[in-house]
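One structure below.
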There are 2 protein chains.
Amino acid sequence: MAGEPLAAIVSAGLSKFGKLEGLLSREIFLQAFREAIDRCPNLDPRRDIDSIYIGQMSESFEHQSHTGPLIADYTGLLGKPASRIENACASSGVSLRIGVQAVKSGMSDVVLVGGVEKMTHLGIADVTEYLAMPSDYPLEQLNGLTFPGLFALMARAHMHKYGTTEEQMSLVAVKNHRNGAKNPKAHMQREITLEQALSSRVVASPLKLFDCSLVSDGASCLIITRPEMARKFTDTPVFIVGSAQASDTLGLYERDDLTTSYATREAAERAYKMARIEPKEIDVAEVHDCFTIAELIAYETLGLCKPGESGKFIEDGNTEIGGSVPVNTSGGLKSKGHPVGATGTAQAYEIYLQLIGAAEKRQVGSADIGLTHNLGGSASTAVVHIYRRGG
Amino acid sequence: MAGEPLAAIVSAGLSKFGKLEGLLSREIFLQAFREAIDRCPNLDPRRDIDSIYIGQMSESFEHQSHTGPLIADYTGLLGKPASRIENACASSGVSLRIGVQAVKSGMSDVVLVGGVEKMTHLGIADVTEYLAMPSDYPLEQLNGLTFPGLFALMARAHMHKYGTTEEQMSLVAVKNHRNGAKNPKAHMQREITLEQALSSRVVASPLKLFDCSLVSDGASCLIITRPEMARKFTDTPVFIVGSAQASDTLGLYERDDLTTSYATREAAERAYKMARIEPKEIDVAEVHDCFTIAELIAYETLGLCKPGESGKFIEDGNTEIGGSVPVNTSGGLKSKGHPVGATGTAQAYEIYLQLIGAAEKRQVGSADIGLTHNLGGSASTAVVHIYRRGG
């Protein structure tokens, strides 16, 4: 049985992910917020919500920072304390964790946590430059090393040490596109074949186009409260029973081993301990597949399989819907899309749907325990949350 | 008597403020961190500190975001959860509040909170553009309205409604430079005359050069813990007894009244209530004087004087060292400097020194209760903290 709940999710919302032309991030966030409000008729947002934490990675995309009060105003929550959290692509994973602390501290009763990013209106050169900012400027960015290159180094190291193959990485893309094809909010709702993935153009060898996640617009949010208050708002709460975060060096040049994620291992260990569960008890997980190699490494660092065995683990179908531990049923960053600041709470949204049995065509069957794994930068931040279905 | 402590400050550090050539923000932060560590020999940072919250306003200044893990690595705290908070110039005021929640939630025992910004290596056009990002992009920035213009609108409204004069605003600058001249870490350690302030060149009428705070590099930090753990680390803890934050519209165009700060009034009211103290009990305060008009409005919205009477309040010498409530003994943003992300915890550093009696030439005498007031953007975020000297 999982540990004592830290907080309860009583509602959640997600915007459409994709190219949302003509909308500002404040407007995209409203799509997610309205869904969360509509799902939770017992909640009066203005009366009940008493603080707001919003993940947004980059001020550069829209020349706009100070997202906290901006979102407070546009959601009708003017006056409430509202803050922006930035931990690269883990921004809203961290927002969730800070929201859990706010609730647990007794300084807030009901917290809106979420994330948003608007990226598709810019050219790829600008997007790539802005996306590179969370990596080490003087020693990586300045020398032209951007994230596809950084993750390609990890992929090469993993191939060299464990014999992991390009086919095995491509299987991640194929699986996640298969799942995303069932998700009406996903950016790319279409299946791909292994051949398509393997023959797509090289971005940073060994990573090809279909090893890379998408540049998307989107927003996500959750309404969380103290566990004992959850039934006031919903009959189907989902409890957060583990919440942990760890850091690693910004630069890859400082690391001993590129085949693993120290931050993920550390955060996962703490989260499992807090939740009092073992990796084998996870029924469904959303992991950070910014590149396909990242999903394989996540299997290992989250303890779903042993180090070096992730290639075999996906080949055997373990992480398919219907497998022993379905991973990225939403389509993941690869097919659902990756509006960077929104990704952490979008992962939590999917787990929330799975645990309340509302994931429709991609429902894994009855699931009691879920996990999310959100990375920032070159895994310089890792945030792991563990969820339990309300009894 | 003030309310129950939420958290305790057991140490604090501040870098030199000013033009710190050749240093990256990660290196500047180390100056502040080392002071905090040196002040607190009973603290073993690697063993004791279990999370990190860093305020930094802009990724654009150094083309570098993801400041949380970067600071964790450079302070020798690699692996610890470390996050960046962005609420414009209130970024580290919010970091402090999030740190208080982390401690109070029981999810952390000892937290490093702080802020940093490196700005002076850029030209003024770039700095002005990047500083404008927390204002409303489509409706303010895009039309050329930057912060001097926004605060000039507030100044004009205050002059029109209450008869506030340019001389009264200049008195803020004169007082803060007088205080800053006694602060060896201040950016501009020199006194100015009322005539100099009044005759300085116009930036955005009625605001002149000496009504504006400085573009500075700098960093600040605090070590906070649970109140009951404080004596393990120090004999002179300072307790945080009030911590509140509120938001206002990003754009001024949405506000009913430009002569006040709704967010400050709201945050102050909550903080006073939490601390169970009255404004008249404040012995020393650091308020957000990004422009001189902002300090005058702060006197009113923090309840130090009545609405419209701030001009008279400073003329009567109330906020001088030796007055009824000394304000900005550090020199404030005006003379100490304003490395934007560092300002919130730099204000707390000054109050910490005053309450432990370590403010040297600018010491106000024995002070029991202190207050900090940190604004983000056009007062779209306000954070108020109230402090009590350990008994």
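The values are calculated or read from the model by the stated rules, or taken from the named source; none is laboratory data. Since the structure is predicted, the reported quantities are computational estimates derived from the model, not experimental observations. Because the Cβ atoms are built from the backbone with ideal geometry, glycine has one as well, and the counts that use them run over all protein chains shown.
For this structure, a couple of remarks:
- Residue that is farthest from the chain's Cα centre (by Cα) [pool: residues in region A:352-391 that are within 17 Å of A:G114 (Cα to Cα) and part of a helix (DSSP H, G or I)]: A:L353
- Filter pass, B:M107 being in contact with a Ser or Thr (Cβ under 8 Å, 6 or more places away or on another chain) and within 24 Å of B:Q347 (Cα to Cα): no
- Residue check for A:D248: among the acidic types (D, E) and out of contact with any Phe, Trp or Tyr (no Cβ under 6 Å at 6 or more places or on another chain): no
- All conditions but one from (1) free of Cβ contacts under 8 Å to residues at least 40 places away in the same chain; (2) among the aliphatic types (A, V, I, L, M); (3) touching a Phe, Trp or Tyr at 6+ places or on another chain (Cβ under 8 Å) apply to A:L209; the one that does not is (3).
- Failed condition for A:R84, given (1) under 26 Å from B:R84 (Cα atoms); (2) in contact (Cβ under 8 Å) with a residue 40 or more places away in the chain; (3) touching a helix residue (DSSP H, G or I) at 6+ places or on another chain (Cβ under 7 Å); (4) buried (at least 21 other Cβ atoms within 10 Å of the Cβ): (2)
- Consider region A:36-47 and keep the residues that are in contact with a Ser or Thr (Cβ under 8 Å, 6 or more places away or on another chain) and not in a loop (DSSP other than H, G, I, E, B). The one that is surrounded by the most Cβ atoms within 10 Å (Cβ to Cβ) is A:A36.
Here's the yes/no breakdown for (1) assigned to a loop (DSSP other than H, G, I, E, B); (2) in contact with a helix residue (DSSP H, G or I) (Cβ under 6 Å, 6 or more places away or on another chain):
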| position | (1), (2) |
| --- | --- |
| A:I314 | no, yes |
| A:T329 | yes, yes |
| A:K334 | no, yes |
| A:A346 | no, no |
| A:E350 | no, no |
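- Residue match in region B:293-300 (condition: in a loop (DSSP other than H, G, I, E, B) and either farther than 22 Å from B:D368 by Cα or aliphatic (A, V, I, L, M) (or both)): no
- Matching option when the condition is in contact with an Asp or Glu (Cβ under 8 Å, 6 or more places away or on another chain), surrounded by fewer than 23 Cβ atoms within 10 Å (Cβ to Cβ) and not hydrophobic (A, V, I, L, M, F, W, C), among B:D217, B:D257, B:D289, B:D283: B:D283
- Residue within region A:102-121 that is away from chain B (no Cβ under 13 Å) and among the polar types (S, T, N, Q) present: yes
- Filter result (under 18 Å from the mean Cα position of the chain (by Cα) and either within 13 Å of B:N374 (Cα to Cα) or in a helix (DSSP H, G or I) (or both)) within region B:273-292: B:A285, B:E286, B:V287, B:H288, B:D289, B:C290, B:F291, B:T292
- When restricted to residues that are β-branched (V, I, T) and either within 17 Å of the chain's Cα centre (by Cα) or under 17 Å from B:V94 (Cα atoms) (or both), region B:250-265 contains 1.
- Within region A:209-256, the residues that satisfy the criterion of being within 14 Å of another protein chain (Cβ to nearest Cβ) and assigned to a loop (DSSP other than H, G, I, E, B) are A:R226, A:D248, A:T249, A:L250, A:G251, A:R255, A:D256.
- Residue among B:A152, B:A181 that alone is out of contact with any helix residue (DSSP H, G or I) (no Cβ under 6 Å at 6 or more places or on another chain), surrounded by fewer than 20 Cβ atoms within 10 Å (Cβ to Cβ) and either over 27 Å from B:E360 (Cα atoms) or touching a residue at least 60 places away in the same chain (Cβ under 8 Å) (or both): B:A181
- Only listed residue being free of Cβ contacts under 8 Å to residues at least 40 places away in the same chain and hydroxyl-bearing (S, T, Y), chosen from B:Y130, B:Y137: B:Y137
- Residues that are within 20 Å of B:P339 (Cα to Cα) and in a loop (DSSP other than H, G, I, E, B) within region B:76-93 comprise B:A88, B:A90, listed in sequence order.
- A:I297 vs. criteria closer than 27 Å to A:E360 by Cα and in contact with a helix residue (DSSP H, G or I) (Cβ under 8 Å, 6 or more places away or on another chain): no
- In region A:339-391, the residues that are among the hydroxyl-bearing types (S, T, Y) and within 14 Å of chain B (Cβ to nearest Cβ): A:S378, A:S380, A:T381
- Any pair with Cβ under 8 angstrom, 6 or more apart, that starts in region A:60-73 at a residue that is at the interface with another protein chain (Cβ under 7 Å from one of its Cβ atoms) and part of a loop (DSSP other than H, G, I, E, B) and ends at one that is surrounded by fewer than 24 Cβ atoms within 10 Å (Cβ to Cβ) and among the small types (G, A, S): A:S60/B:S60
- Across region B:122-137, the qualifying residues are those that are assigned to a loop (DSSP other than H, G, I, E, B) and surrounded by fewer than 24 Cβ atoms within 10 Å (Cβ to Cβ), and the one among them that is farthest from the other protein chains (Cβ to nearest Cβ) is B:G123.
- Number of the exception - B:M274 against (1) more than 14 Å from chain A (Cβ to nearest Cβ); (2) crowded, with 17+ Cβ neighbours inside 10 Å: (1)
- Checking every residue in region B:230-241 against the condition of being outside the structural domain of B:G370 (by TED's automatic domain parsing) and among the small types (G, A, S) gives at least one match.
- Taking the criterion of being outside any helix (DSSP H, G or I) and modelled with pLDDT of 95 or more, the residues of region B:138-186 that qualify are B:G163, B:T164, B:T165, B:A181, B:K182, B:N183, B:P184, B:K185, B:A186.
- Every test in (1) more than 19 Å from the chain's Cα centre (by Cα); (2) within 14 Å of chain A (Cβ to nearest Cβ) is passed by B:A268 save one, and that test is (1).
- When residues of region A:50-59 are limited to those that are buried (at least 24 other Cβ atoms within 10 Å of the Cβ) and assigned to a loop (DSSP other than H, G, I, E, B), the one nearest to the other protein chains (Cβ to nearest Cβ): A:E59
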